[in-house]
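Accompanying notes for the structure given below.
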Amino acid sequence: MFLTSTANYLTEKILLAESITDNLAELQQLEKVAKPDVLKGYLNDMVPHLIDFALRVVIALLIYFIGKKIIRWLRKLLRRALERSGVDEGVKQFLDSCAKITLYLILLIAVVNQLGLETTSVVAVLGSAGLALGLALQGSLSNFAGGVLILLFKPFKVGDYIMEDTHGNEGTVAEIMIFYTKLSTPDNRTVVIPNGTLANASLTNVTQQDRRRVDVYVGVSYETDIRRAKELLTDILLAEPSRIEEAEWQVFVDALEDSSVKLGCRLWVAAEDYWKVKWHLNERVKEVFDENQIEIPYRHLTVNLKS
């Protein structure tokens with residue numbers, strides 16, 4: 001029994017001694033690592049890599065800023081070439097947007113390549129991302145196709161006043177972009193409509209033609225001398241300064257309604273003068289008819305009391 005206890009005691013002491021020896025070896029290793037010379041060596045090894053990365057970042061920034069200036073210059077050249085070729089303003093805006101996106105994508109690839117990433121892997125990632133975005137943004141792709149169709153078939157151009165029949169939006173076309181078209185309303189609001197909607201919906205182009213016909217209607221009582229009323233309307237039309245003289249004009253009886261005889265008159269004016277002439281004619285008809293005691297009927301109620 002005594003021998004067994006002694007053997008166990010000696011075994012524990014030996015294990016304790018081995019543990020202390022291992023700990024001392026680890027402390028010595030830590031001392032070597034913690035020495036200033038070792039840390040300095042590590043830093044010296046890292047400095048070239050840090051300098052190389054810093055140079056890459058500086059060159060990448062230079063590429064970015066110089067590339068931005070080159071892109072602006074190329075876009076100016078493109079716009080000048082398009083202006084000399086006499087293409088539509090909407091085509092200029094659309095091609096400028098496409099060129100801007102393409103050139104900035106090339107610039108992004110150049111900057112990423114300078115930072116040390118492989119161009120092939122970047123292109124592969126962009127291709128995969130493009131496929132995913134294409135599936136997720138099918139509506140945007142249809143808007144892009146709609147913009148191409150608008151530029152090809154030209155149902156309207158920049159500066160035209162259009163009325164979109166589906167949702168009732170209307171205004172002057174201010175800009176045709178890749179995915180959307182901007183309209184400016186008469187009260188100076190901006191309406192943004194997807195190109196896909198404009199390409200697939202019916203719309204009215206008010207100003208595509210250089211002249212428009214102004215129609216004005218007015219009702220007179222059945223007691224009115226129709227010939228006299230038509231003569232007055234004729235004088236009003238012929239006195240209109242914005243009338244296109246060589247174009248046809250008409251004064252006619254349009255309908256015999258329940259409480260009035262509906263007279264109409266038509267004349268042609270330049271498209272930009274349409275509303276000015278229409279408002280002016282309405283005002284002149286009222287003034288001239290009042291001066292000549294021609295009654296313009298309106299709805300009213302007559303009450304007769306019997307005593």
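Fully extending the segment from LYS278 to CYS98, taken as 0.36 nm per residue of separation minus the present Cα-Cα distance, adds 60.6 nm. Here the gap between ILE59 and ASN113, fully extended at 0.36 nm per residue and compared with their Cα-Cα distance, gives a gain of 18.3 nm.
The stretch between ASN205 and LEU105 holds 32.4 nm of extra length on full extension. This uses 0.36 nm per residue minus the Cα-Cα distance. Excluding TYR104 itself, what net charge comes from residues whose Cβ is under 15 Å from its Cβ, given Lys and Arg +1 and Asp and Glu -1? Within the 15 Å Cβ shell, the charges total +4. Between LYS306 and ARG189, the FRET efficiency from the beta-carbon distance, with R0 = 51 Å, is close to 0.35. Per-residue 3J(HN,Hα) values for the range 278-295, derived from phi via the Karplus relation 6.51 cos²θ - 1.76 cosθ + 1.60 with θ = phi - 60°, read 4, 5, 5, 5, 4, 5, 5, 4, 5, 5, 5, 5, 5, 5, 9, 6, 9, 7 Hz in sequence order (x marks Gly and Pro). Here r is the Cβ-Cβ distance between LYS68 and HIS167 and R0 is 35 Å; the resulting FRET efficiency, rounded to 0.05, is 0.35.
FYI, it's all coordinate maths here, none of it is from the lab. What you are looking at is a predicted structure, and each value in this text was computed from that prediction instead of being measured. All Cβ positions, glycine included, derive from the backbone under ideal geometry; neighbour counts span all protein chains shown.
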